[in-house]
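To keep things clear, I will list the structure first and then write my remarks on it.
The values are calculated or read from the model by the stated rules, or taken from the named source; none is laboratory data. This structure is a prediction, so every number in the text was calculated from the model and none was measured. Neighbour counts are summed over all protein chains in view; Cβ atoms, including those assigned to glycine, are modelled from backbone coordinates with ideal geometry. Just the protein is used for accessible areas: all its heavy atoms, side chains included, with ligands, DNA and RNA removed. Shrake-Rupley method; radii C 1.70, N 1.55, O 1.52, S 1.80 Å.
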Amino acid sequence: MYRELSNLILYRDTRGDSILFRLGNIFEQFELGSASPEHLRTAIYVEVRRILEVATQYGFDENLWQNYLAYYIVMHENPFSFTYEKAGKQEGSVNLFAENDFAIFRRLFDFDFSAIEQALDIRCFSILCHYRAISKREQIYNKNVSERVRSLSRDIAATANGAETLEVVSRFYRDWGVGMFGLNRAFRLQYLDAELSLRPISNMDRVMLDDLVGYEAQKKALVENTEAFLAGKPANNVLLYGDSGTGKSTSIKAIVNRYYDRGLRMIEIYKHQFKDLSGVIAMIKNRNYRFIIYMDDLSFEENETEYKFLKAVIEGGVETKPDNLLIYATSNRRHLIRESFRDRNDAEYTGDLHHAETVEEKLSLFNRFGLAIGYFKPSRSEFDRIVLSLAEKHPTITLDEETLLQRAHAWELRHGGASGRTAQQFINHLAGNSPDDLDKSKEGET
């Protein structure tokens with residue numbers, strides 16, 4: 001194995017910490033006789049465990065060795081894979097290097113582990129190649145990632161040589177991209193050893209726009225802006241503002257779910273991370289995806305200045321915001337920065353000689369969002385329609401309409417008023433309790 005890996009050109013692991021290359025080093029020690037059987041077994045078990053961890057994270061099954069190799073190819077970011085992500089297969093000399101590498105991967109797909117298994121009296125590779133995974137809930141792994149990597153694995157296994165493998169992989173890069181952006185729809189910022197990076201969100205809510213009852217005009221405006229963005233046309237940063245629990249965040253998540261297959265990705269950023277926005281832009285500006293920077297519950301107190309980082313990114317910074325980036329934010333406030341009565345007083349009281357300009361700076365952030373969409377509490381009839389629509393999705397809820405709405409009205413009075421959120425919480429309460437429990441609960445209310 002190590003001889004094969006030493007001949008890789010584009011797909012080399014320059015750091016040598018991947019499972020594949022660490023296994024290559026183990027096999028080199030085995031063939032040279034430079035390590036004891038006990039040491040080799042221990043080292044192999046460490047890497048087998050790492051393969052099992054990857055398989056669990058991504059829901060792999062059947063041939064975990066081939067699944068892992070396909071995953072390695074999908075995640076390897078190099079000039080070749082980046083080029084094919086952006087433009088599909090191109091004619092050029094680099095294809096000769098790629099074909100060399102894929103011929104090696106094709107042989108690794110059918111690698112014979114029997115010699116090392118017999119010598120060390122182990123069966124772990126045989127088990128990995130004929131694996132039957134325990135059934136898992138989808139919340140544990142990203143189903144889309146699992147299906148695509150396993151499909152690529154089967155397609156590569158069906159090829160006969162490096163040229164055919166090149167065709168299969170180039171189609172995958174063209175359709176889905178390379179690396180974590182190609183496999184995942186949403187990300188959040190993290191810091192590893194003080195270095196900024198993005199971490200995939202594997203259990204993102206799969207809500208769709210149709211799940212949000214009502215708010216048709218708001219959803220239409222958001223869809224039109226997003227479709228213009230995906231088509232490369234001018235589009236606006238968007239602020240969804242209004243009452244809490246009315247579906248602002250749900251709408252943005254649903255938009256990402258709807259357009260994921262067209263290359264839309266989302267990066268969730270919190271207020272204290274705004275100083276890292278320029279770093280995020282550097283990571284994504286040259287990628288063949290469209291990114292929404294998602295900021296939930298955006299607002300600033302009087303003494304907070306993070307909004308200045310945001311203003312610079314939206315408009316006015318030295319570096320132009322890339323065409324593949326928009327900002328979608330939600331807020332319960334229309335004017336995002338808290339304004340006190342003191343702000344309205346004159347300069348003598350505030351001590352600010354240019355008081356009017358200071359107030360204007362605070363309020364101008366709202367104007368940086370080209371599209372503002374209001375979400376407000378539903379009327380009583382709209383609230384009833386939301387409750388009835390949500391109840392239809394739960395066959396265990398058998399209350400008649402009059403009783404259902406009567407209890408929904410009592411619930412919303414005690415839980416913050418009518419909104420889509422309180423309607424969902426009420427339905428969750430009904431669906432999670434037996435009829436007897438509900439009757440007892442009703443008796444307690446009276």
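General remarks:
- Gained length - ASN433 relative to VAL46, 0.36 nm times residue gap less alpha-carbon distance: 134.8 nm
- Extent along the principal axes, Cα only, for the range 112-258: 68, 37, 34 Å, with the longest axis given first.
- Computed label-point distance, nm, for sites SER6 and SER34 using a 7 Å Cα→Cβ extension: 1.0 nm
- Local charge for ASP296 was computed over the other residues whose Cβ lies under 12 Å away, with Lys and Arg +1 and Asp and Glu -1, and equals +2.
- Enclosing the Cα atoms of the range 53-92 in their convex hull gives a volume equal to 93 cubic angstrom per residue.
- Relative contact order of the range 1-157, defined on C-alpha pairs under 8 angstrom at six or more residues apart (%): 36 percent
- A 1.4 Å probe, protein heavy atoms only, puts the accessible area of SER126 near 50 Å².
- Sites THR396 and GLU216, calculated FRET efficiency, Cβ-Cβ separation with R0 30 Å, nearest 0.05: 0.55
- Å² of accessible area per residue within the range 15-150, as computed with a 1.4 Å probe and no ligands counted: 52 Å²
- The accessible-area ordering, largest first, of the residues HIS272, HIS409 stands as HIS272, HIS409, per a 1.4 angstrom probe.
- Size descriptor for the range 77-121, Kirkwood hydrodynamic radius: 12.9 Å (Cα pairs only, one decimal).
- Note on ARG3: accessible area is roughly 140 Å² with a 1.4 Å probe, heavy atoms of protein only.
- Annotation note: chymotrypsin sites (Phe, Trp or Tyr not before Pro) in the range 208-284 located in DSSP loop regions with a Cβ neighbour count of at most 16 within 10 Å are TYR270.
- When LYS285, LYS86 are compared by accessible surface with a 1.4 Å probe, the order from highest to lowest is LYS86, LYS285.
- For the range 1-156, carbon and sulfur atoms together expose 49% of the accessible surface, with a 1.4 angstrom probe and every protein chain in place.
- For the range 54-121 and the range 173-201, distance of Cα centres in Å: 20 Å
- VAL168 contributes about 20 Å² of solvent-accessible surface, heavy atoms of the protein only, 1.4 Å probe.
- Euclidean distance of C-alpha centroids, the range 364-396 and the range 255-281, integer Å: 23 Å
- Computed over the range 1-141, the convex hull of the alpha-carbon atoms projects to a mean area of 9.7 nm².
- The range 186-308: Rg to Rh, with Rh as the Kirkwood radius over Cα pairs: 0.96
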